[in-house]
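Novice: Pasting a structure here, questions to come.
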Amino acid sequence: MRVVITGGAGFLGSHLCDFLIGKGWDVLCLDNLITGAESNIAHLRQHPSFRVQPQDVSQHIEVAGAVDAVLHFASPASPPDYLKFPIQTLKVGALGTHNALGLAMAKKARFLLASTSECYGDPEVNPQPESYWGHVNPIGPRGVYDEAKRFAEAITMAYHRYHGVDTRIVRIFNTYGPRMRLNDGRALPNFLYQALAGEPITVYGDGKQTRSFCYVSDLIEGIYKLLESGEHEPVNIGNPREITILEFAERVRAVAGADVPIVFRPLPQDDPKQRCPDITKARRILHWEPKVDLEEGLRRTYEFFRKQMASAGAKLE
Ligand code: UDP
């Protein structure tokens, strides 16, 4: 099996490279490194089953040789990143998905789209089942990501229905683990960085908004099961344990053993008030559910960040 992974040097993309190489697949990683990192794939560089091709997938994609699967994971994915790269975010969700689908069609390969819980926007239904159409502000600051991913789902279904491409769509909920960028601006890297650096932990709003955090190995396993299934409509993959952001901050602080205060900062515009996956469908058709609990996942992630900050010479308490 030979797979093309767009965004293969990103947080999730690089874990997928590892996982599929572990299954004996050949992996071609495409990335332009605007939010991905060379360090995420450095350990694979010498592996005989791994190749990397610098590529902005919003431009036409040319790949030589046979391809069995295309996994489209390229996109800025943290709110500060897509605010910083709004046009690239729109383009990679729209043009990038079109190009990746075109590649899959030309190669008669399976296609899997990394979609997102952001398709549900600021949801008025909790937890969110796949049948919920969402509550999205198209012109707000998050619209560049939400609408690009909604377009990506629409064009994926169109290629499936009209061109017969063998497609999958995974709606990914908040995921965490090693290789998240220390400065990516999301809650977990911010909180861990702050706890490790002895700085106050910044909770936005009153901290009563909720999220549900999935450890990366669980997510990758769910994605693999979806890829191997025959399901063409979207499937939620995430951890259904819902937690307020304030409680999450307290847990991160406890895992890090840090004696730092929690301070409150303004809530960003359109920040969803609640988010929790309904994973009934994944349980039923993929026989999948997450295994790593929050405490264990936080401990593993803390170890990664601690080593990274130590090697970067960052100031530690
Ligand atoms: N958040 C926070 N402090 C931070 C970063 C994020 O309180 O330093 C909040 C953010 O407002 C949101 C939640 O944590 O309510 C999760 O944010 P994240 O950026 O991780 O991803 P999102 O789920 O919003 O896409």
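The values are calculated or read from the model by the stated rules, or taken from the named source; none is laboratory data. Everything numeric here is computed off the predicted structure, so don't read it as measured data. Every residue, glycine among them, receives a Cβ derived from its backbone with ideal geometry; neighbour counts consider all protein chains shown. All accessible areas refer to the heavy atoms of the entire protein, side chains included, with ligands and DNA or RNA removed. Shrake-Rupley method; radii C 1.70, N 1.55, O 1.52, S 1.80 Å.
Novice: Could you give the nm distance between label points at residue 228 and residue 265, where each point is 7 Å from its Cα heading toward the beta carbon?
Specialist: According to this spin-label approximation, the distance is 4.2 nm.
Novice: So, with +1 on the Cβ of K and R and -1 on the Cβ of D and E, and no other charges, what is the size of the charge dipole of the chain about its Cα centre, to the nearest 20 debye?
Specialist: Working: 36 positive and 37 negative charges, 93 e Å.
In total the dipole reaches around 440 debye.
Novice: So what does residue 1 come to for accessible area, using a 1.4 Å probe and Å² rounded to 10?
Specialist: Spelled out: residue 1, probe radius 1.4 Å, area about 100 Å².
Novice: Probe of 1.4 angstrom, ligands and nucleic acids ignored: what's the accessible area per residue over region 1-120, in square angstrom?
Specialist: Computed with neighbouring chains in place, this is 39 Å² per residue.
Novice: About the Cα centre of region 196-317, how large is the charge dipole given +1 on each Lys and Arg Cβ and -1 on each Asp and Glu Cβ? Please answer in debye to the nearest 20.
Specialist: 120
Novice: Here is a further query. Given all pairs of different Cα atoms, what value in angstroms does the Kirkwood hydrodynamic radius of region 187-240 take?
Specialist: 13.9
Novice: Taking all protein chains in place and a 1.4 Å probe, what share, in percent, of the accessible surface of region 87-218 do carbon and sulfur account for? Kindly include the intermediate steps, with their values, before the conclusion.
Specialist: Numbers: 2810 of 4890 Å².
The nonpolar share, carbon plus sulfur, comes to 57 percent.
Novice: Taking every pair of alpha-carbon atoms in region 53-122, what share in percent sits in each 5 Å bin, from 0 to the bin with the longest distance?
Specialist: Bins of 5 Å from zero give 4, 16, 25, 25, 14, 9, 5, 1, 0 percent of pairs.
Novice: Now for a separate question. Of 246, 230, 216, which is farthest on the positive side of the dipole of region 197-253, counting Cα position, with +1 on Lys and Arg Cβ, -1 on Asp and Glu Cβ, and the Cα centre as origin?
Specialist: Final value for the positive-end residue is 246.
Novice: Then there is this: Using a 1.4 Å probe and ignoring any ligands, DNA or RNA, find the accessible area of residue 91 and quote it in Å² to the nearest 10.
Specialist: It works out to around 80 Å².
Novice: Starting from the eigenvalues of the Cα gyration tensor, five times each then square-rooted, give me the equivalent ellipsoid semi-axes of region 20-88, largest first, whole Å.
Specialist: 24, 15, 11
Novice: Another question about this same structure. Taking the highest mean first, how do the peptides 248-258, 97-107 order by number of other beta carbon atoms within 10 angstrom per residue?
Specialist: Highest to lowest by the protection proxy: 97-107, 248-258.
Novice: Roughly to the nearest percent, how much of the accessible area of region 237-294 is carbon and sulfur, given a 1.4 Å probe?
Specialist: Working: 1540 of 3050 Å².
Ligands and nucleic acids excluded, carbon and sulfur give 50 percent.
Novice: Using a 1.4 Å probe on the protein chains only, how many percent of the accessible area of region 1-80 belongs to carbon and sulfur?
Specialist: Ligands and nucleic acids excluded, carbon and sulfur reach 52 percent.
Novice: Give me the log10 of I(q) over I(0) for the chain at q = 0.07 Å⁻¹, as the Debye formula computes it from C-alpha points; what are the numbers?
Specialist: Normalising to I(0) and taking log10 leaves -0.26.
Novice: Also, quick follow-up: Going down the list 107/291; 23/107; 225/307, which pairs span over 30 Å between their C-alpha atoms?
Specialist: 107/291; 225/307
Novice: Looking at the P(r) of region 1-149, how many percent of alpha-carbon pairs lie beyond 24 Å?
Specialist: Working: 3735 of 11026 pairs.
For region 1-149, the fraction of Cα-Cα distances above 24 Å is 34 percent.
Novice: Let's test this: bin the Cα-Cα distances of region 74-188 at 10 Å from zero up to the farthest pair and state each bin's percent.
Specialist: 14, 42, 35, 10, 0
Novice: Now, a different point. Could you order peptides 171-181, 38-48, 280-290 by the average number of other Cβ atoms within 10 Å of their residues, highest first?
Specialist: 171-181, 280-290, 38-48
Novice: Suppose the chain between residue 126 and residue 33 were pulled fully straight at 0.36 nm per residue; how much longer would it get relative to their current alpha carbon spacing? Kindly include the intermediate steps, with their values, before the conclusion.
Specialist: On the way: separation 93, 0.36 × 93 = 33.48 nm, distance 3.49 nm.
Working it through step by step, the gained length comes to 30.0 nm.
Novice: Compute the length gained on full extension between residue 182 and residue 87: take 0.36 nm times their separation in residues and subtract their Cα-Cα distance, giving the result in nm to one decimal.
Specialist: Details: separation 95, 0.36 × 95 = 34.20 nm, distance 2.33 nm.
Separation in residues times 0.36 nm, less the Cα-Cα distance, equals 31.9 nm.
Novice: Once you have a ≥ b ≥ c as the square roots of the Cα gyration tensor eigenvalues for region 241-305, tell me rounded if a/c is under 1.5, and otherwise prolate or oblate according to whether a/b is larger than b/c.
Specialist: Here region 241-305 falls in the oblate category.
Novice: Order 145, 224, 193 by their accessible area, 1.4 angstrom probe, all chains in place, largest first.
Specialist: In descending accessible area the options line up as 193, 224, 145.
Novice: Over the chain, what is the mean sequence separation of C-alpha contacts under 8 Å (at least six apart), divided by residue count, expressed as relative contact order in percent?
Specialist: RCO, the chain: 17 percent.
Novice: Could you work out the helix-only [θ] at 222 nm for the chain, with each DSSP H run of four or more residues adding -39,500 (n - 2.57) and the total divided by the number of residues, to the nearest 500 deg cm²/dmol?
Specialist: The helix-only estimate for the chain comes to -11000 deg cm²/dmol at 222 nm.
Novice: Run the dipole for region 37-186 about the Cα centre, Lys and Arg Cβ at +1, Asp and Glu Cβ at -1, nothing else charged, and hand back the magnitude in debye, nearest 20. Write down the numbers at each step before the final one.
Specialist: Numbers: 16 positive and 14 negative charges, 77 e Å.
Using Cβ point charges on Lys, Arg, Asp and Glu, region 37-186 gives about 360 debye.
Novice: Given a 1.4 angstrom probe, what's the average accessible area per residue across region 167-317, in square angstrom?
Specialist: The answer is 43 Å² per residue.
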